[in-house]
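First the structure, in the form of structure tokens, and then the observations on it.
The values are calculated or read from the model by the stated rules, or taken from the named source; none is laboratory data. Remember, predicted model here, so these are calculated numbers, not experimental data. So basically every Cβ, Gly included, is an ideal-geometry build from the backbone, and we count neighbours across all protein chains shown.
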Amino acid sequence: MKALFNTYPVAFDTPGGGEIQLLKTKSALEELGVEVSLFDTWHPKIREADVVHYFSVFGGSSVFCNFVKDRKKPLAISSVLYPHKNLERYPMGEIKHLLSIADVILPNSGHEGDLLSSVFDIPRTKFVPVYNGVDQVFLSDPAFDGSLFRKTYGIDGPFLLSVANIEERKNQIALARSMAGTDLTLVLFGNVRSQEYFDEMIRVSNGKIRYLGYLPNHSELLRSAYLAAEAFILPSLLETPGLAALEAGAMGAKVIVTSVGSTREYFEDLAHYVDPEDESTFLPTIHRALSTSKSTLLRDHIRNKFTWAHAAKQTLAAYQRIV
């Protein structure tokens, strides 16, 4: 089978979870024998594809997807969307159109599929959940420990770790305000998607933030940071569920995540949850997480259920349904 992947034009300017999902799905499908090409404007290859897989419903995506359907090609769409509020921010008409013309829709959870089906009045039968995964490098015991990260960056003492693009949806300003009066350091990795948001986050943090730029998710330094941190935290306004949180959990870290989105469908009762819109829940949850002993339960849960190999099998089954 030949699959052609595409996403909106500027997605890889500041890559995040959706872009990692695209690339990791490609690699895992190739392990199953699927020939996957990335769309190239100069060499489209649409006619040669058995199925076209579009990642995202970002505004402007309908031009490409309409062309695919005009060419009578099966179209799979990974929605990467959880429209639970502030719907006026979304191009609702275009999203409904994209989901309507897709032959199969691949949300990151059953809950996301339920929500999209309800909001956009799309038959639930069109939705086939494909759960996000972690890379193989997070599934084997590393030949290093947390000291690699500490020595490289000169980090002493306890710290919380957050890995995400710096932007409003990830809610780092609220986290920075909560951390300002504590004796903990917050270490941040991620691309800055909004400089204004970043500057405000630094201003309210009272010097508690160490921002260390961007590291690719296969980096030894990032994995060492997961091992060194007292806990990983991601208090986003919503998550589906946050690839970095899965990676941290797979490495054995304690995980604190938002309660909004599909996080509970992934982490069940093995993580600690904060209400992203109620900062008063942050510190009590952090202290509760830090007071618990480390356990292998979350690590084993993620390693058994959420890998890119599993995601590829789910994706291939969806392709076979529409080709």
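Taking the conditions (1) surrounded by fewer than 19 Cβ atoms within 10 Å (Cβ to Cβ); (2) in contact with a strand residue (DSSP E or B) (Cβ under 9 Å, 6 or more places away or on another chain) in turn, Ser118 satisfies each one other than (2).
Per the conditions (1) under 23 Å from the mean Cα position of the chain (by Cα); (2) closer than 17 Å to Thr315 by Cα; (3) not charged (D, E, K, R), the sole criterion not satisfied by Gly60 is (2).
Against the criterion of being assigned to a loop (DSSP other than H, G, I, E, B), of a type outside the set (A, V, I, L, M, F, W, C) and not assigned by TED's automatic domain parsing to the domain that holds Gly18, Ser280 does not qualify.
The residue list Gly181, Gly207 contains one member that is in contact with a Lys or Arg (Cβ under 9 Å, 6 or more places away or on another chain), part of a loop (DSSP other than H, G, I, E, B), assigned by TED's automatic domain parsing to the domain that holds Ala245 and without any contact (Cβ under 8 Å) to a residue 40 or more places away in the chain, which is Gly181. Taking every residue in the range 305-323 that is more than 19 Å from Ser109 (Cβ to Cβ) and pairing it with any residue that is outside any strand (DSSP E or B) and not hydrophobic (A, V, I, L, M, F, W, C), at least 6 positions away or on another chain, the pairs with Cβ-Cβ distances below 8 Å are Tyr319/Asp50; Tyr319/Pro74; Ile322/Pro74; Ile322/Asp103; Val323/Asp50; Val323/Pro74.
Out of Leu298, Leu243, one residue alone is under 23 Å from Ile166 (Cα atoms), in contact with a helix residue (DSSP H, G or I) (Cβ under 7 Å, 6 or more places away or on another chain) and among the aliphatic types (A, V, I, L, M). It is Leu243. Scanning the range 30-44 for residues that are surrounded by 13 or more Cβ atoms within 10 Å (Cβ to Cβ) and closer than 20 Å to Val10 by Cα returns Ser37, Phe39, Pro44. Which members of the range 198-215 meet the condition of being out of contact with any helix residue (DSSP H, G or I) (no Cβ under 6 Å at 6 or more places or on another chain), at pLDDT below 95 and closer than 15 Å to Val163 by Cα? Result: Tyr214, single match.
Residues are listed down the side, and each one gets a yes or a no for (1) buried (at least 24 other Cβ atoms within 10 Å of the Cβ); (2) in contact with a Ser or Thr (Cβ under 7 Å, 6 or more places away or on another chain); (3) under 25 Å from Ala28 (Cα atoms):
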{"position": "Pro276", "(1), (2), (3)": "yes, yes, no"}
{"position": "Pro284", "(1), (2), (3)": "no, no, no"}
{"position": "His287", "(1), (2), (3)": "no, no, no"}
{"position": "Lys305", "(1), (2), (3)": "no, no, yes"}
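Quick check: is even one residue across the range 257-267 acidic (Asp, Glu) and at pLDDT below 95? No: the range 257-267 contains no residue that is acidic (Asp, Glu) and at pLDDT below 95. In summary, Leu298 fulfils each of the numbered conditions (1) closer than 18 Å to Leu243 by Cα; (2) without any contact (Cβ under 8 Å) to a residue 40 or more places away in the chain with the single exception of condition (2). Kindly indicate the residue of the range 307-323 that is of a type in the set (A, V, I, L, M) and more than 23 Å from Tyr266 (Cβ to Cβ) and also farthest from the chain's Cα centre (by Cα) among those meeting that condition. This residue is Val323.
Which members of the range 71-89 meet the condition of being surrounded by fewer than 17 Cβ atoms within 10 Å (Cβ to Cβ) and within 21 Å of the chain's Cα centre (by Cα)?
Within the range 71-89, His84, Lys85, Asn86, Leu87, Arg89 qualify.
Residue-wise test of (1) over 22 Å from the mean Cα position of the chain (by Cα); (2) in a helix (DSSP H, G or I).
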{"site": "Glu94", "(1), (2)": "yes, yes"}
{"site": "Ser100", "(1), (2)": "yes, yes"}
{"site": "Asn108", "(1), (2)": "no, no"}
{"site": "Glu112", "(1), (2)": "no, yes"}
{"site": "Leu115", "(1), (2)": "no, yes"}
{"site": "Val119", "(1), (2)": "no, yes"}
{"site": "Thr125", "(1), (2)": "yes, yes"}
{"site": "Val137", "(1), (2)": "no, yes"}
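With respect to Glu265, determine if the residue is of a type in the set (D, E, K, R) and outside any helix (DSSP H, G or I). So Glu265 fails the test.
In the range 15-48, the qualifying residues are those that are among the basic types (Lys, Arg) and in a helix (DSSP H, G or I), and the one that is modelled with the highest pLDDT is Lys26.
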